[in-house]
Amino acid sequence: MNKVLARVPIDPSTMADTPAAQSASPASDPDRLRWFPKGTHITIRGLTKTFDDVVLYKDFDLDIPKGKVVSVFGPNGCGKSTLINMISGILDHDSGQILFDGKTARETRIGYVFQNYREAVFPWSRAIDNIRYPLQFLGLSKAERDDRVEELLTSFDVKIDLNRYPYELSGGQQQLVSIMRALVVDPEVLFLDEPFSALDYEMTLFLRDRLQKVLTDRDVTTLLVSHDLDEAVMLADEILLLTKKPTQVAERLQFNAPRPRTPETTLTDEFIAVKTRSLEVFQREVRR
Amino acid sequence: MSARGNRKAVMKRLQPVLGAAVLVVLWWLASEGRLVDPVLLPTPADSWHAFVSGLTEGTLWHDFWRTIVRTTVSFVIAIVIAVPVGVFLGSSETIYRSVEFSVDFFRSTPASALFPLFLVIFGVGEEAKIAVAAFGAALIIVFNTAYGVMNARKQRQLAARVMGAPQFRILTDVTIWESLPQTFVGMRSGISIALVIVIVAEMFIGSTDGLGQRIINAQMIFDMPEMYASIFAAGALGYGLNLLFIILERRFVHWGGK
């Protein structure tokens, strides 16, 4: 008991600024299971995942703050997608615990946007029915469901004909449908697995902008995996840098530039400082 | 459009007919020039006449219809049984692996080898013909449906799962749709097999009507124009069924391959 008390900070508000200190706590300390900073949404404790004898994660601990956008960045093969797949419940983990405010992934409203939109949307349903699909599992009335869809369409201000089938839309439009499908349930947590990497630059800028706007309005906890450091920093409140496998947290950097962020944001000193630091950590980890 | 472009467009439309026209001309030359015994090979005109008069005055239309009914009934029975069974088998790899050999074995067994067995079970009536055709069609549909379900790509199932869909809904909302193109492959082969078996059954399992019975009767009395006309009718039926399936597939699997 004494030990637990000793580890609780006197002023909890300072904790959000130093999460790296907690996630670096040794896995052998049993008390780490009970403890997490104020404002945490997702707690990961002792996560272990092995693929064919290769240890990808071992006793991995992480706290993810509520209502923030966290970009996950790290060397190739360190398991960025694997991490968000395990958190979202798409992929099983070998051992450890992942909780969302004490709930499991199945008990949590989750939005997930896949990199490969072609194999994520349902081609047999019209775009609008794709967007509506997840609402049926929320136990809402028909009127409530229609309101949700209407509200979402307004906030995205889409100009595409949603009565078309996905294969009649461009790649960017399909990904837009899949982003809207993820957001229509008003998710508690949103996962984005390289959502723009298969799109052209113009579409990427457009979708980033829309997504940012919606996320700012909603305060949804968001985990973004990106290969593009500019994008990772630009969209994030926090950049989570990972080591090579067995993967640990290398560093967590805050990025507090005001929103909405525009291409001009990338020219500010703060952006450049955070990006430079991210790159340093990344290169240090790649060489290690 | 230029005259040259016009001619190209017309040629393109005529191309499929061209081969058939050449075939008819060769047939006509062979029969007119007595290259083949006229008893064995009547002229195209005689055969065509037999076909038309069979349809308008004779019983060809009735036989044609009987064959369609038998094929359709056996095919529908096959679908009703085979599709759910295929989905069930495909949804569990363990179950599928344990019955794969049996399904594959019977699928490879010529359905005609089973005629006597089905005769013993169902008697010499309609039931035996329909049962054996349904059996042959069902096996190939089971096989393809199960295969389609088993090899459905996983990402959409994961997407449905993460959206909160329960296991059964993932099956009905995603996996079955995902397997539909393969199921259609099975159904197309299934209806062809059903037609083949029905025609053979009409020939040899005491039948009083149907195209198969008509062909064998014409052969026995050496009415060659009549026989060619009936063969042509059977061919047209097979072609028509295939065409119907291509249309159905475009309608129901409009998203296939896209």
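Inside the range B:1-40, can you point out the residues that are assigned to a loop (DSSP other than H, G, I, E, B) and of a type in the set (Asp, Glu)?
Listed by number, the list holds a single entry, B:ASP37.
Looking at (1) surrounded by 21 or more Cβ atoms within 10 Å (Cβ to Cβ); (2) closer than 24 Å to A:THR154 by Cβ; (3) touching a Lys or Arg at 6+ places or on another chain (Cβ under 7 Å), which one does A:MET234 not meet, given that it meets all the others?
All conditions are met except number (2).
Could you check A:PHE114 against (1) on the phi > 0 side of the Ramachandran plot; (2) at the interface with chain B (Cβ under 9 Å from one of its Cβ atoms) and say which number it fails?
(1)
Looking for something polar (S, T, N, Q), over 30 Å from B:PHE143 (Cβ atoms) and surrounded by fewer than 18 Cβ atoms within 10 Å (Cβ to Cβ) - is there at least one such residue anywhere in the range B:25-46? Please lay out each step first, then the result.
Our first condition is that a residue be polar (S, T, N, Q); within the range B:25-46, this holds for B:31, B:43.
Next, only the ones that are over 30 Å from B:PHE143 (Cβ atoms) stay: B:31, B:43.
Next, from what is left, pick out any that are surrounded by fewer than 18 Cβ atoms within 10 Å (Cβ to Cβ): B:43.
Within the range B:25-46, one or more residues are polar (S, T, N, Q), over 30 Å from B:PHE143 (Cβ atoms) and surrounded by fewer than 18 Cβ atoms within 10 Å (Cβ to Cβ).
Determine which member of the set B:SER230, B:SER192 is assigned to a helix (DSSP H, G or I), farther than 30 Å from B:GLY86 by Cα and either within 14 Å of another protein chain (Cβ to nearest Cβ) or not aliphatic (A, V, I, L, M) (or both). Spell out how you get there, then give the answer.
On the way: B:SER192 fails: farther than 30 Å from B:GLY86 by Cα.
Sole residue among the options that is assigned to a helix (DSSP H, G or I), farther than 30 Å from B:GLY86 by Cα and either within 14 Å of another protein chain (Cβ to nearest Cβ) or not aliphatic (A, V, I, L, M) (or both): B:SER230.
Residues are listed down the side, and each one gets a yes or a no for (1) within 12 Å of chain A (Cβ to nearest Cβ); (2) farther than 30 Å from A:ARG126 by Cα:
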| residue | (1), (2) |
| --- | --- |
| B:GLN155 | yes, no |
| B:THR175 | yes, no |
| B:PHE184 | no, no |
| B:ILE197 | no, yes |
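Within the bounds of the range B:178-194, is there any residue that is assigned by TED's automatic domain parsing to the domain that holds B:ARG70 and out of contact with any helix residue (DSSP H, G or I) (no Cβ under 9 Å at 6 or more places or on another chain)? Lay out the reasoning, then the answer.
Step one: filter the range B:178-194 for residues assigned by TED's automatic domain parsing to the domain that holds B:ARG70, giving B:178-194.
Subset that is out of contact with any helix residue (DSSP H, G or I) (no Cβ under 9 Å at 6 or more places or on another chain): none.
Within the range B:178-194 (the criterion being assigned by TED's automatic domain parsing to the domain that holds B:ARG70 and out of contact with any helix residue (DSSP H, G or I) (no Cβ under 9 Å at 6 or more places or on another chain)), the answer is no, since none of the residues qualifies.
With the structure loaded, tell me whether A:GLY89 is at positive phi and within 11 Å of another protein chain (Cβ to nearest Cβ) or whether it fails that test. Give the derivation first.
Working: at positive phi: yes; within 11 Å of another protein chain (Cβ to nearest Cβ): yes.
Spelling it out, A:GLY89 is indeed at positive phi and within 11 Å of another protein chain (Cβ to nearest Cβ).
Residue under question is A:LEU99, and the condition is that it be within 11 Å of chain B (Cβ to nearest Cβ), under 17 Å from the mean Cα position of the chain (by Cα) and not in a helix (DSSP H, G or I); does it hold?
Judged against the criteria, A:LEU99 is not a match.
Among the residues of the range A:137-167, write down those that are at the interface with another protein chain (Cβ under 10 Å from one of its Cβ atoms) and surrounded by 16 or more Cβ atoms within 10 Å (Cβ to Cβ).
Listed by number, the residues that qualify are A:TYR165, A:PRO166.
Looking at the range B:151-168, can you tell me whether even one residue there is over 30 Å from A:PRO187 (Cα atoms), surrounded by 17 or more Cβ atoms within 10 Å (Cβ to Cβ) and assigned by TED's automatic domain parsing to the domain that holds B:SER207?
From the range B:151-168, those over 30 Å from A:PRO187 (Cα atoms) are B:151; that's our starting set.
Checking the rest, the ones that are also surrounded by 17 or more Cβ atoms within 10 Å (Cβ to Cβ) come to none.
Scanning the range B:151-168 turns up no residue that is over 30 Å from A:PRO187 (Cα atoms), surrounded by 17 or more Cβ atoms within 10 Å (Cβ to Cβ) and assigned by TED's automatic domain parsing to the domain that holds B:SER207.
So in the range A:256-279, with the set limited to residues that are part of a helix (DSSP H, G or I) and hydrophobic (A, V, I, L, M, F, W, C), which one is nearest to A:ASP217 (Cα to Cα)?
Only one residue tops the list, namely A:PHE271.
Every residue in the range A:31-88 that is in a helix (DSSP H, G or I), touching a helix residue (DSSP H, G or I) at 6+ places or on another chain (Cβ under 6 Å) and either within 30 Å of A:THR216 (Cβ to Cβ) or at pLDDT 90 or above (or both), please.
Result: A:SER88, single match.
Of the residues B:GLU93, B:GLU178, which is closer than 27 Å to A:ALA105 by Cβ, acidic (Asp, Glu) and crowded, with 17+ Cβ neighbours inside 10 Å?
Within the list B:GLU93, B:GLU178, the selection yields B:GLU178.
Of all residues being exposed (fewer than 14 other Cβ atoms within 10 Å of the Cβ) and small (Gly, Ala, Ser) in the range B:237-258, which is farthest from B:MET187 (Cα to Cα)? Just the residue, please.
Looking at residues that are exposed (fewer than 14 other Cβ atoms within 10 Å of the Cβ) and small (Gly, Ala, Ser), I get B:GLY257.
Select from the range B:195-227 the residues that are within 17 Å of the chain's Cα centre (by Cα) and assigned to a helix (DSSP H, G or I) and list them in ascending order.
Selection gives B:LEU195, B:VAL196, B:ILE197, B:VAL198, B:ILE199, B:VAL200, B:ALA201, B:GLU202, B:LEU211, B:GLY212.
Any chance the range B:120-141 includes a residue that's over 14 Å from the mean Cα position of the chain (by Cα), within 14 Å of another protein chain (Cβ to nearest Cβ) and either without any contact (Cβ under 8 Å) to a residue 12 or more places away in the chain or surrounded by fewer than 23 Cβ atoms within 10 Å (Cβ to Cβ) (or both)?
Checked against the condition, which is being over 14 Å from the mean Cα position of the chain (by Cα), within 14 Å of another protein chain (Cβ to nearest Cβ) and either without any contact (Cβ under 8 Å) to a residue 12 or more places away in the chain or surrounded by fewer than 23 Cβ atoms within 10 Å (Cβ to Cβ) (or both), the range B:120-141 yields no hits at all.
Please go through the range A:178-189 and give me each residue that is closer than 22 Å to B:ASP173 by Cβ and within 12 Å of chain B (Cβ to nearest Cβ), ordered by number.
A:SER178, A:ARG181, A:ALA182, A:LEU183, A:VAL184, A:VAL185, A:PRO187
Of the residues that sit in the range B:90-118 and are within 19 Å of B:ILE176 (Cα to Cα) and in contact (Cβ under 8 Å) with a residue 60 or more places away in the chain, which one is nearest to the chain's Cα centre (by Cα)?
Looking at the filtered set, the residue picked out is B:GLY90.
Being modelled with pLDDT of 90 or more, of a type outside the set (Gly, Ala, Ser) and touching a Phe, Trp or Tyr at 6+ places or on another chain (Cβ under 8 Å) narrows it down to one of B:PHE115, B:PHE135, so name that one.
Going through B:PHE115, B:PHE135 in turn, the sole match is B:PHE135.
It is to be established whether one or more residues within the range B:64-78 are assigned to a helix (DSSP H, G or I), outside the structural domain of B:THR183 (by TED's automatic domain parsing) and surrounded by 15 or more Cβ atoms within 10 Å (Cβ to Cβ).
Here is the first cut: in the range B:64-78, the residues assigned to a helix (DSSP H, G or I) are B:64-78.
Narrowing the set further to residues that are outside the structural domain of B:THR183 (by TED's automatic domain parsing) leaves none.
Scanning the range B:64-78, I find no residue that is assigned to a helix (DSSP H, G or I), outside the structural domain of B:THR183 (by TED's automatic domain parsing) and surrounded by 15 or more Cβ atoms within 10 Å (Cβ to Cβ), so the answer is no.
Any residue at all in the range A:71-83 that is of a type in the set (Ser, Thr, Tyr), surrounded by 21 or more Cβ atoms within 10 Å (Cβ to Cβ) and away from chain B (no Cβ under 14 Å)?
There is at least one residue in the range A:71-83 that is of a type in the set (Ser, Thr, Tyr), surrounded by 21 or more Cβ atoms within 10 Å (Cβ to Cβ) and away from chain B (no Cβ under 14 Å).
Is it the case, given these coordinates, that B:SER47 is among the small types (Gly, Ala, Ser) and either modelled with pLDDT of 90 or more or touching a Phe, Trp or Tyr at 6+ places or on another chain (Cβ under 7 Å) (or both)? Working first, answer last.
Details: among the small types (Gly, Ala, Ser): yes; either modelled with pLDDT of 90 or more or touching a Phe, Trp or Tyr at 6+ places or on another chain (Cβ under 7 Å) (or both): yes.
Considered against the rule, which asks whether it is among the small types (Gly, Ala, Ser) and either modelled with pLDDT of 90 or more or touching a Phe, Trp or Tyr at 6+ places or on another chain (Cβ under 7 Å) (or both), B:SER47 comes out as yes.
Does B:GLY148 satisfy the condition of being on the phi < 0 side of the Ramachandran plot and within 14 Å of another protein chain (Cβ to nearest Cβ)?
yes
Identify the single condition in (1) surrounded by fewer than 19 Cβ atoms within 10 Å (Cβ to Cβ); (2) over 30 Å from A:ILE44 (Cα atoms); (3) within 11 Å of another protein chain (Cβ to nearest Cβ) that A:PHE122 does not satisfy, given that it satisfies every other one.
Tallying (1) surrounded by fewer than 19 Cβ atoms within 10 Å (Cβ to Cβ); (2) over 30 Å from A:ILE44 (Cα atoms); (3) within 11 Å of another protein chain (Cβ to nearest Cβ), A:PHE122 fails exactly one: (1).
The values are calculated or read from the model by the stated rules, or taken from the named source; none is laboratory data. All figures in this text were calculated on a predicted structure; none of them were measured in a lab. Because the Cβ atoms are built from the backbone with ideal geometry, glycine has one as well, and the counts that use them run over all protein chains shown.
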